[in-house]
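The values are calculated or read from the model by the stated rules, or taken from the named source; none is laboratory data. Fair warning: this is a prediction, and the values are worked out from it, not measured in the lab. No Cβ is skipped: glycine too gets one built from the backbone with ideal geometry, and neighbour counts run over all protein chains shown. All accessible areas refer to the heavy atoms of the entire protein, side chains included, with ligands and DNA or RNA removed. Shrake-Rupley method; radii C 1.70, N 1.55, O 1.52, S 1.80 Å.
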2 protein chains.
Amino acid sequence: MLAKRFYELSPYVPGEQPKDREYIKLNANENPYPPSPEVAKVISSFDVSSFRLYPDPDAGELRDAIAHMIGHGLTRDNLFVGNGSDEVLSFVFFTFFDSCAPLYFPEHTYSFYPVYAGYYDIPIERKPLRADYSIDLDAFLAGSSTGVIFPNPNAPTGIYTPVQTIRSFLQKYPADRAVIVDEAYIDFGGETVVPLLTDFPNLIIVRTFSKSFCFAGARLGFVIANPPVIQNLFTTKNSFNHFPVDTLTQKVGTAACGDWPYYRRINDEIARTRDMFAQEITAYGWTVLPSLANFVFTRKEGLSGKSIYEAIKKEGILVRHFSQPGIEDFVRISIGTPEQMKKLSGVMKGV
Amino acid sequence: MLAKRFYELSPYVPGEQPKDREYIKLNANENPYPPSPEVAKVISSFDVSSFRLYPDPDAGELRDAIAHMIGHGLTRDNLFVGNGSDEVLSFVFFTFFDSCAPLYFPEHTYSFYPVYAGYYDIPIERKPLRADYSIDLDAFLAGSSTGVIFPNPNAPTGIYTPVQTIRSFLQKYPADRAVIVDEAYIDFGGETVVPLLTDFPNLIIVRTFSKSFCFAGARLGFVIANPPVIQNLFTTKNSFNHFPVDTLTQKVGTAACGDWPYYRRINDEIARTRDMFAQEITAYGWTVLPSLANFVFTRKEGLSGKSIYEAIKKEGILVRHFSQPGIEDFVRISIGTPEQMKKLSGVMKGV
């Protein structure tokens with residue numbers, strides 16, 4: 001009864017959500033702060049009877065608000081929105097990658113990329129990181145690929161690739177193949193590649209409201225690209241689900257974009273907390289990769305990542321461990337409030 | 001730059017949402033009444049800061065609430081939820097239909113079915129309706145199919161197929177091929193096929209909150225099936241978007257399920273309005289197909305569907321016209337409030 005393609009699936013496994021006790025949850029890169037007060041206002045004045053009607057399928061007002069917030073001369077024609085960047089990424093994979101050649105991405109990166117490739121039967125090739133765990137963009141130039149995807153900063157390392165490095169790569173990469181830069185974590189200290197859109201029609205930027213906008217539970221993600229790319233994504237969306245973003249999410253997303261100073265403030269605070277935390281555990285003998293994301297990737301000589309994860313969990317704090325060879329000695333730690341990180345660094349001092 | 005599969009797409013076209021003037025909107029089968037007062041309570045007491053965390057990926061509480069509401073001994077293991085029945089249907093198509101044989105569905109039916117088939121490269125065969133526009137289930141028994149899908153009641157005709165007829169069909173149809181019954185409109189007078197699940201593991205029932213639950217804007221749909229089917233759908237979902245239903249939608253959906261008497265009352269009212277409206281326009285010389293949905297499909301001797309649609313639109317009321325040969329003389333009219341239908345029947349008297 002199952003379709004042949006079903007057997008190609010290997011589903012994504014997200015950070016655990018155990019319910020046996022209260023944990024400080026630093027395992028899913030969620031934001032420790034609440035959304036802007038403007039969001040609460042929109043919800044409390046929401047006209048519930050409007051739920052009886054279908055949402056705006058094109059989310060025009062929300063796309064205007066995002067364009068206005070990001071600036072750089074963007075308009076709604078540069079924007080596509082979806083039910084989380086996970087759905088947006090799925091549409092991007094469908095639209096731009098096929099079986100003519102493998103999709104390239106870094107060996108250690110967001111673990112949903114190979115899952116989408118399985119969903120759409122896209123062959124993949126993982127390109128090793130450099131010895132310092134940074135992404136080796138030159139490795140993506142070898143051979144023939146259907147396209148390239150990488151996060152900036154990368155996950156789970158947190159390492160940022162400078163805009164100038166990405167520009168040089170785009171100058172050498174075939175202009176008729178899509179290059180996806182997943183900027184899920186760009187708001188914690190990195191610089192966006194949006195200005196490169198003018199020169200590179202094959203550049204596609206994916207963003208999420210889950211991290212820097214404290215909206216993991218609201219499910220909202222978007223694409224920034226040139227208008228022809230956006231039009232193609234609309235065609236794909238309209239062949240899958242005409243209305244992926246519900247009415248209330250469109251409204252709260254719009255309100256959130258209107259209060260960028262609030263998000264700038266909390267995300268700067270998270271960056272400061274990250275840097276202090278990294279400094280502190282470095283002093284305790286931990287190796288911390290240089291992160292511009294809202295998490296750090298760290299290990300301690302002589303300990304396995306699994307044993308670190310377990311020692312920290314025993315103290316009521318959840319972090320994330322990945323068992324893939326090459327990164328199995330690390331744990332990924334999301335940045336919480338200064339108080340939470342203080343508690344964790346205390347625990348890590350003793351591990 | 002576009003994937004080969006992109007060229008197979010022919011996107012869905014939903015009911016128009018013109019903004020040139022205020023219309024009475026009877027073209028998208030939306031419910032004229034607001035959701036239950038319990039929904040407003042949930043929204044006004046919603047803890048906005050919970051948005052910072054990811055939703056329950058399995059929507060356990062919501063699935064419990066749906067199971068409890070529907071009864072028939074169902075549990076959460078019989079339920080899968082998604083971002084509208086459109087997303088749910090897309091996952092069903094991915095999971096159960098492939099290119100080994102064509103998918104069968106009625107010639108005139110929900111026009112998203114062929115769109116999904118295009119998305120997943122599934123060959124299709126449309127089986128003609130009977131002369132009275134009812135679905136001919138016997139036509140689905142001929143040849144070899146990858147599966148079957150039809151709505152009950154059917155759209156855009158509104159015609160209901162009795163449970164006993166579907167049971168007889170399932171007894172003759174191969175037990176290793178999925179049969180999808182799309183019960184989007186079942187709450188307006190039809191009887192569900194849920195009791196057949198015990199005997200037919202290949203039966204899959206799709207439902208939506210958009211119509212009878214006044215939740216078109218909230219995006220919520222679900223599947224009722226035996227546990228192995230549900231597990232397979234989870235595997236598919238987790239390979240596409242781990243969290244398709246946001247936190248607030250899970251909460252308002254749960255609250256809605258708790259107030260079934262409210263929905264029973266408004267949907268019975270819609271059924272009464274439909275029957276009165278049908279009687280009235282029949283008296284004015286219109287032919288109305290027998291409907292158990294929240295819409296009617298009607299035509300008038302000597303007039304084209306397009307001219308009817310335009311004459312009604314000129315009076316500030318939107319209905320839906322389909323240009324496919326065989327139904328091009330009909331219009332589909334969603335059932336609104338008694339006052340709206342009174343105004344429309346007045347207009348139709350003069351057409």
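The residues listed here are A:Phe105, A:Phe93, A:Phe140, A:Phe97; of these, the one that is surrounded by fewer than 24 Cβ atoms within 10 Å (Cβ to Cβ), touching a Phe, Trp or Tyr at 6+ places or on another chain (Cβ under 8 Å) and touching a residue at least 24 places away in the same chain (Cβ under 8 Å) is A:Phe140.
Taking the conditions (1) touching a residue at least 40 places away in the same chain (Cβ under 8 Å); (2) in the same structural domain as A:Thr208 (by TED's automatic domain parsing); (3) assigned to a helix (DSSP H, G or I); (4) out of contact with any strand residue (DSSP E or B) (no Cβ under 8 Å at 6 or more places or on another chain) in turn, A:Asp58 satisfies each one other than (3). Among the residues making up the range A:118-138, those that are over 28 Å from B:Phe240 (Cβ atoms) and among the small types (Gly, Ala, Ser) are A:Ala131, A:Ser134. Taking the condition in contact with a helix residue (DSSP H, G or I) (Cβ under 9 Å, 6 or more places away or on another chain), closer than 19 Å to A:Phe97 by Cα, charged (D, E, K, R) and open to solvent by 10 Å² or more (accessible area, probe 1.4 Å), does A:Arg177 pass? Answer is yes for this residue.
Does B:Val194 satisfy the condition of being in contact (Cβ under 8 Å) with a residue 60 or more places away in the chain and surrounded by fewer than 24 Cβ atoms within 10 Å (Cβ to Cβ)?
It is true that B:Val194 is in contact (Cβ under 8 Å) with a residue 60 or more places away in the chain and surrounded by fewer than 24 Cβ atoms within 10 Å (Cβ to Cβ).
Report whether or not B:Thr254 is touching a residue at least 12 places away in the same chain (Cβ under 8 Å), within 21 Å of B:Val48 (Cα to Cα), open to solvent by 10 Å² or more (accessible area, probe 1.4 Å) and more than 7 Å from chain A (Cβ to nearest Cβ). Taking the combined requirement at face value, the residue satisfies it. Among the residues of the range A:233-243, is there at least one that is in a helix (DSSP H, G or I) and either small (Gly, Ala, Ser) or open to solvent by 20 Å² or more (accessible area, probe 1.4 Å) (or both)? Checked the range A:233-243: at least one residue is in a helix (DSSP H, G or I) and either small (Gly, Ala, Ser) or open to solvent by 20 Å² or more (accessible area, probe 1.4 Å) (or both).
If the condition is being closer than 17 Å to B:Ala218 by Cα and either within 14 Å of chain A (Cβ to nearest Cβ) or outside any helix (DSSP H, G or I) (or both), then the range B:62-71 contributes only B:Leu62.
Applying the condition of being assigned to a strand (DSSP E or B) and free of Cβ contacts under 8 Å to residues at least 60 places away in the same chain to the range B:200-223 and asking which residue is farthest from the other protein chains (Cβ to nearest Cβ) yields B:Ile205.
Residues in the range B:288-303 that are free of Cβ contacts under 8 Å to residues at least 60 places away in the same chain and over 15 Å from B:Val319 (Cβ atoms) were compared, and the one that is farthest from the chain's Cα centre (by Cα) is B:Gly302.
Evaluating B:Gly350 against the criteria (1) open to solvent by 10 Å² or more (accessible area, probe 1.4 Å); (2) touching a Ser or Thr at 6+ places or on another chain (Cβ under 7 Å) leaves one unmet condition, (2). When you check A:Ala218 against the structure, is it of a type in the set (Gly, Ala, Ser), under 14 Å from the mean Cα position of the chain (by Cα) and under 27 Å from A:Gly253 (Cα atoms), yes or no? Against the criterion (of a type in the set (Gly, Ala, Ser), under 14 Å from the mean Cα position of the chain (by Cα) and under 27 Å from A:Gly253 (Cα atoms)), A:Ala218 does not qualify.
Only one residue in A:Ala278, A:Ala311, A:Ala271, A:Ala283 is of a type in the set (A, V, I, L, M), touching a helix residue (DSSP H, G or I) at 6+ places or on another chain (Cβ under 6 Å) and not assigned by TED's automatic domain parsing to the domain that holds A:Tyr110, so which one is that?
Values: A:Ala278 fails: touching a helix residue (DSSP H, G or I) at 6+ places or on another chain (Cβ under 6 Å); A:Ala311 fails: touching a helix residue (DSSP H, G or I) at 6+ places or on another chain (Cβ under 6 Å); A:Ala283 fails: touching a helix residue (DSSP H, G or I) at 6+ places or on another chain (Cβ under 6 Å).
Answer to the check: A:Ala271.
Which residue is least open to solvent (accessible area, probe 1.4 Å), if the candidates are limited to the range B:65-90 and must be on the phi > 0 side of the Ramachandran plot and free of Cβ contacts under 8 Å to residues at least 60 places away in the same chain?
Result: B:Gly71.
The residue that is farthest from the other protein chains (Cβ to nearest Cβ), among those in the range B:1-55 that are outside any loop (DSSP other than H, G, I, E, B) and touching a strand residue (DSSP E or B) at 6+ places or on another chain (Cβ under 8 Å), is B:Ile24. Residues in the range B:304-326 that are without any contact (Cβ under 8 Å) to a residue 24 or more places away in the chain, closer than 16 Å to B:Gly15 by Cβ and not in a helix (DSSP H, G or I): 2 in all.
Number of residues in the range B:5-27 that are touching a residue at least 60 places away in the same chain (Cβ under 8 Å) and under 30 Å from A:Cys100 (Cα atoms) equals 6. Scanning the range B:327-347 for residues that are assigned to a helix (DSSP H, G or I) and open to solvent by 10 Å² or more (accessible area, probe 1.4 Å) gives B:Pro338, B:Glu339, B:Gln340, B:Lys342, B:Lys343, B:Gly346, B:Val347. Here B:Glu8 passes the criteria (1) surrounded by fewer than 16 Cβ atoms within 10 Å (Cβ to Cβ); (2) in contact with a helix residue (DSSP H, G or I) (Cβ under 8 Å, 6 or more places away or on another chain); (3) more than 30 Å from A:Ser144 (Cβ to Cβ) except the one numbered (3).
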